[in-house]
Structures are given as structure tokens and as C-alpha cells.
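The values are calculated or read from the model by the stated rules, or taken from the named source; none is laboratory data. In this text, all values refer to a predicted model and were calculated from it rather than measured experimentally. Cβ atoms come from the backbone with ideal geometry, glycine included; neighbour counts cover every protein chain shown.
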Amino acid sequence: MRSGQTIVSVALSVLLVAWPTPSRAQTLPESGVRSTAVGATVTLGGVVLPAARPQPSSRPTRRLSVDEAVTMALEQNLDLQVERLNPRIEDMSVAQAQSVYTPVLSSTFIGNNRNSPSNGFLSGAADNTDKVTDRVLRDSVDVAQEVPWAGGRYAASWDGSHQTTSSIFTSFDPVLTSNLSLNYTQPLLRNLTIDTPRWQLAIARANREISDIQLRTTVVSTQRNVRNAYWVLVFTRSFLAVQRQSLDLAQESLRNNRTRVEVGTMAPIDIVEAQSEVARNEEAVIVAEASVDRAEDLLRTLIFDPDSPDFWSIQIEPSDAPILAPRQIDVDAAVRNALDNRTDLDALDRNIETSNTDIRYFRNQQMPDVNLQVDYRATGIGGTFLERDGFLGEIIGRQQTSFGSVLGNIFTSDFPTWTVGVTVSYPLGTSSADANLERARLRRGQEDVRRRGLEMRIATEVRDAARNVRTNLQRVEATRVARELGERRLAAEQRRFEVGLSSTFFVFQAQRDLAQARNREESAILEYTRSLVDFDAVQEVPLF
């Protein structure tokens, strides 16, 4: 952050930054920068600060470590709960695409009663009747399926019937029939290696993989956001302690000045200046308290279940404190790691696979549509055979054939019917497959260029993140020196004031300069922490 900005502005800006790395203790050399919390004090940038004084409150308190906060978020975060449903939704899309290969079984039962008037001696009506009555009961079972290999399709059908008639021309009454029909269609060119169902299934599976990548992105981003919100709460509480300490110092100066005015060693105008300093610090405390509440609300919305009864009333107390240390950065290894693990690059690769599938499909659709069809049909007949005395003579005998025998005749029939044929079709002129293929090829070339551009952006982002780590570490060292010099200047100004060689104006100015130096050091620490977070995160997910 730039000079002159307060830690509140820093905290609010850090709320937008993710924190992907797990918390871990790191040691520092003696010249390093250290930020720890021990007991009731906080050591930040080499300055021992009092911890934020607890305010009287009846609110329940939840003490959390950063890892516990991350674990709770992975279980209860609403954004993650939404994102976890996407792979399941895509599973249904895959199941829908696969359903085309599910066998379809159908059954039909029909009853028919028909009375036909007699219109001549060949109508079949008996001498004592003027109509012919036919009664038929028929049932059928059919099954059909698209096979998942080679684009073929089969269909099988069986039907049986029981028919009675009053016609004198019949040889069976009742007559039992049974028919079996088998059909298989096999594409020989178009739809042989890939067809519409397999094309749609490949796309559905690619989308399923993309949903997994998006879920991984959301998980990493949630971890970053939770860690970031946790540490922002830690820093805002520490900053509140700094503001309260400054207020205590200003109030102590005001009391000392009043004493000096009473004994006549100081002008009354110095009390007004001290009162102004107290008012300024009271405002800073109010703003810092609001920042703590804001940071606490952000963290609670990330980790707690909103249906819990104490969602808004529970007070979060961080139990961890950040420990910062210089870190060796291998830029080349980080770039290689990012090119292997970045989720946006993985998602683009899945899109490229989809484009390759499109090209395969539309190239296949350009081929002639050549289909081999094989049909087989067998028939069995039986029932009660009527033996007559000559043509249309009297019935002199009956021969019974059971329905089971009729069914057996289907498979032992000496008169099966075979049909084998090939159909060929081909469009004359440009087909839709030609246009679709050209569009798919253009899109594939576009994605190749996009991937090269994305690889370059990833390498640039990683290098920039590494550069920020080095720069912010140098800033931390520089601001530490400036803060130490500010402390020495304030101590010298206070000694000059005590012997009458300085005024309250210069003392307060030295205090303000020291506060700004501390803020700049804290800002540099936060920027260094953020740059480490960005460096780790940029190797997995895009930062923006």
C-alpha cells in the first residue's frame, strides 16, 4: 500500500484477495520480520502491541484456528454446496446421453370382433346365415436397441393370434398363428466409427470433466478466501489494539498537559491541541472497531451454516497468528507447475478435445450413407384342422395342434424368409456436414491460438507474482528501518520536551509520523503475505 493509507484501507483491500496456502509456522533470521501473538500481547513488525481488549459482551465466542476455519468452510460454504451439485447434474447429462442404448421393450394386446354381411355365395357364409363372423385375439412383444458399438441397431418382434370364423372356406377353426421377426441394420461408412449418440455422449463426458475442474477451482478459491478473511480479522484486531494504545497515549498526554497548565509550566493552548489529538484517536478507534465487525461478518459468511440459530450472534476469536519469513522462489519451477496444474488450462484442453470430437463426427458425416440390412422371418400355424368330405363338404374329422407346437414350429420351420440388402444415399452438392466440418476446424484452430496465448499469460502471471514477493520483502525491510528511526525520533523529541527544548506540537507530530511508519510497515507485511498467497494460488487458479 502507498504511504499515507491506514491499516483499515489495507484490511478492506485484502478482503478481495484469496489465501490458498495452509497456515504453517516459519522461522526467521534475526534481521527478518516477525508477526506473532503470545499471551495478551501482539508482536508486529518488531513492535510489541497490546492485544485487543475484550469488551463486555454476552455473545457466545468461538475460538478457531485457520485450519479449522478452512475445514468448516469446505463442509458448510454455500458456494461450494452449489458447485458440488454441478458434477451430479452433468452425471445426469451423461446418463441421458447413454440412455439411447437402453433396450426398448413394448407389448400390445388386441381383441377384434368383425361381422361381415353376405353378398354372394363366395362370401363364406353358411346357408342358414347372412353374415360371416370373425373373432381375433392378438398379442405381440417387441424389443429394439441401438447398440453402443459400430452404430448398429437391432429389432426383434414376436406376435401370436387366436382366430375363429364362421366362414365355410376356412381349413382351421380356431386358427393359431405365431410369427418371429428379426432385423439388424449396420452402417458401413457413415456412422460406423462415430455417430450422433456417440458424439453426444463424448461431449457430455467432456462437460462432466469440466464440471470437476470448476469444482476444484471453487474449492481452491474458497480456501484462499477463508484464509484471507481469517488473517484480515487477525490484522484488524491488532490494528484496533494499536488505535486504542494511541488513544491511551493521547489521553495520558492530555492529563499531563493539564497538570502542567495548573502549575504554570505550560500554556493553556497546549490543552486544546492535546484534546484535538484525543478526538482524532477516538475516531480512529471507532473506525477500527467497525473494521473488526466487518471482517468478522465476512469470515462467518464463509465458514458457518446460515441456518444455525447463533449465526449472526457468535463472536469469532482467532487462535492463530501469522509468522512471516523470507522464502526462496524458483520461478522456472513455478511456471512449469502452473502449466501442469492450472484449472483454466485444463478446462481449455477439455474444450479442445470436444472440438476434436466435432471434427471426427462431421468428417464421418461427409461419407456416403451405406447401410447393410438383414431380416429373418419365421411363421408357425396350427389350431384345429377341419377335414372335409371334398371341396366344401361336410366336416368328417378334426386334428388338434397345440399352441406350444405352433411356437416350436417357428424355430423348426422349413420355410424361413431371409432378406439381405444394402441401401446407399449421398447428397448431390454441399451438405450441412461440409459447413459444420469447416466451422469445427476453424474453431479448433482458434483454440490452438487461445491456448498458446493462455500459456503466455500464465507464465507472465507467475513471473509477476514472484517479482511481487521479492519487491514486497524489500519493502518490509525498508519500512522496518523507517519505523525504528521513527521510534528513535519520538524518544528524542520526548526528551527534548521534558527539558523544555520542544513543544507538544513536535511531540504529537513525531507520534503521528511513527504511527504512519508503523502503518506502512504493517502494510508492507500484508503486501508481502498477499504476494506469497498470490504466488501459490497463481499456480493453480487464475487470480482474476
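Restricting attention to segment 416-438 and to residues that are hydrophobic (A, V, I, L, M, F, W, C) and closer than 30 Å to ASN183 by Cα, the residue that is surrounded by the fewest Cβ atoms within 10 Å (Cβ to Cβ) turns out to be LEU428.
Is there a residue being among the β-branched types (Val, Ile, Thr), part of a helix (DSSP H, G or I) and without any contact (Cβ under 8 Å) to a residue 24 or more places away in the chain anywhere in segment 283-297? So far as segment 283-297 goes, yes, one or more of its residues are among the β-branched types (Val, Ile, Thr), part of a helix (DSSP H, G or I) and without any contact (Cβ under 8 Å) to a residue 24 or more places away in the chain.
Considering ILE286, ILE316, the condition of being at pLDDT 90 or above and over 29 Å from VAL541 (Cβ atoms) is satisfied by ILE286 alone. Whether any residue in segment 193-216 is among the hydrophobic types (A, V, I, L, M, F, W, C) and closer than 30 Å to ARG294 by Cα is what I want to check. Scanning segment 193-216, I find at least one residue that is among the hydrophobic types (A, V, I, L, M, F, W, C) and closer than 30 Å to ARG294 by Cα, so the answer is yes. Scanning segment 314-351 for residues that are in a helix (DSSP H, G or I) and within 19 Å of the chain's Cα centre (by Cα) yields ASN341, THR343, ASP344, LEU345, ASP346, ALA347, LEU348, ASP349, ARG350, ASN351.
Could you tell me which of the residues PHE304, PHE311 is over 30 Å from LEU490 (Cβ atoms) and in contact (Cβ under 8 Å) with a residue 12 or more places away in the chain? Let's see the steps before the verdict.
On the way: PHE311 fails: in contact (Cβ under 8 Å) with a residue 12 or more places away in the chain.
Just one listed residue meets the conditions, PHE304.
Quick grid of which residues meet (1) crowded, with 17+ Cβ neighbours inside 10 Å; (2) within 30 Å of GLU90 (Cβ to Cβ):
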| position | (1), (2) |
| --- | --- |
| ASP159 | no, no |
| VAL175 | yes, no |
| ASP195 | yes, yes |
| GLN200 | yes, yes |
| GLN223 | yes, yes |
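Of everything in segment 249-262 that is under 30 Å from GLU296 (Cα atoms) and modelled with pLDDT under 85, the residue that is surrounded by the most Cβ atoms within 10 Å (Cβ to Cβ) is ALA250. Tell me yes or no: at least one residue of segment 284-303 is of a type outside the set (Asp, Glu) and touching an Asp or Glu at 6+ places or on another chain (Cβ under 9 Å). Within segment 284-303 (the criterion being of a type outside the set (Asp, Glu) and touching an Asp or Glu at 6+ places or on another chain (Cβ under 9 Å)), the answer is yes, since at least one residue qualifies. Residue-level analysis places LEU532 among those that are in a helix (DSSP H, G or I), at pLDDT below 85, in contact with a helix residue (DSSP H, G or I) (Cβ under 9 Å, 6 or more places away or on another chain) and closer than 20 Å to GLN328 by Cβ.
Out of LEU201, LEU137, one residue alone is touching a residue at least 12 places away in the same chain (Cβ under 8 Å) and either assigned to a strand (DSSP E or B) or closer than 30 Å to ARG300 by Cβ (or both). It is LEU137. Checked against the criterion of being assigned to a helix (DSSP H, G or I) and closer than 30 Å to ALA459 by Cβ, segment 244-265 has no qualifying residue. Taking first residues from segment 318-332 that are touching a residue at least 12 places away in the same chain (Cβ under 8 Å) and closer than 18 Å to ARG530 by Cβ and partners that are surrounded by 17 or more Cβ atoms within 10 Å (Cβ to Cβ) and among the basic types (Lys, Arg), the Cβ contacts under 7 Å between residues at least 6 apart in sequence or on separate chains come to ILE323/ARG34; LEU324/ARG34. Annotation: ASP369 fulfils all but one of (1) surrounded by fewer than 17 Cβ atoms within 10 Å (Cβ to Cβ); (2) closer than 30 Å to VAL541 by Cα; the unmet one is (2). In segment 495-503, is there at least one residue being assigned to a helix (DSSP H, G or I) and crowded, with 20+ Cβ neighbours inside 10 Å? No, segment 495-503 contains no residue that is assigned to a helix (DSSP H, G or I) and crowded, with 20+ Cβ neighbours inside 10 Å.
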